[in-house]
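The values are calculated or read from the model by the stated rules, or taken from the named source; none is laboratory data. Computed from a predicted model, the values in this text were never measured in an experiment. Cβ coordinates were reconstructed from backbone atoms using ideal geometry, including for glycine residues, and neighbour counts include every protein chain displayed.
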């Protein structure tokens, strides 16, 4: 995935590699920022049609996720393909993408 390579190169060039646990905490924080924006813009869900998440916040969360993948030496593209296959199989066997748990 070219985006994962770009994140890996960015981290390497700036000597920003760190423990995966810190990357996971950063990812959780970035997703939390997106949730906060969504909560505020939709007035805590009262106006879901107004829900808004700034593109740069989504980008920050994506960067953080790809940085986690890089630190764990996981191919994000392969992980996504496996996940899509899992969801497709669930839909075929149960009629829904949800795990039921």
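Among the residues of the range 25-51, those that are assigned to a helix (DSSP H, G or I), touching a helix residue (DSSP H, G or I) at 6+ places or on another chain (Cβ under 8 Å) and farther than 30 Å from residue 72 by Cβ comprise 41, 50.
Table: residues versus (1) part of a loop (DSSP other than H, G, I, E, B); (2) out of contact with any strand residue (DSSP E or B) (no Cβ under 6 Å at 6 or more places or on another chain); (3) surrounded by 10 or more Cβ atoms within 10 Å (Cβ to Cβ); (4) at pLDDT 95 or above.
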| residue | (1), (2), (3), (4) |
| --- | --- |
| 53 | yes, yes, yes, yes |
| 62 | no, yes, yes, yes |
| 73 | yes, yes, no, yes |
| 80 | no, yes, yes, yes |
| 91 | no, yes, yes, yes |
| 97 | yes, yes, yes, no |
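Taken over the range 7-24, the criterion of being out of contact with any helix residue (DSSP H, G or I) (no Cβ under 8 Å at 6 or more places or on another chain) and either exposed (fewer than 14 other Cβ atoms within 10 Å of the Cβ) or not in a helix (DSSP H, G or I) (or both) is satisfied by 9, 12, 13, 14, 15, 21, 22.
Among the residues of the range 60-101, those identified as free of Cβ contacts under 8 Å to residues at least 12 places away in the same chain and in contact with a helix residue (DSSP H, G or I) (Cβ under 9 Å, 6 or more places away or on another chain) are 74, 79, 96, 97, 98, 99, 100.
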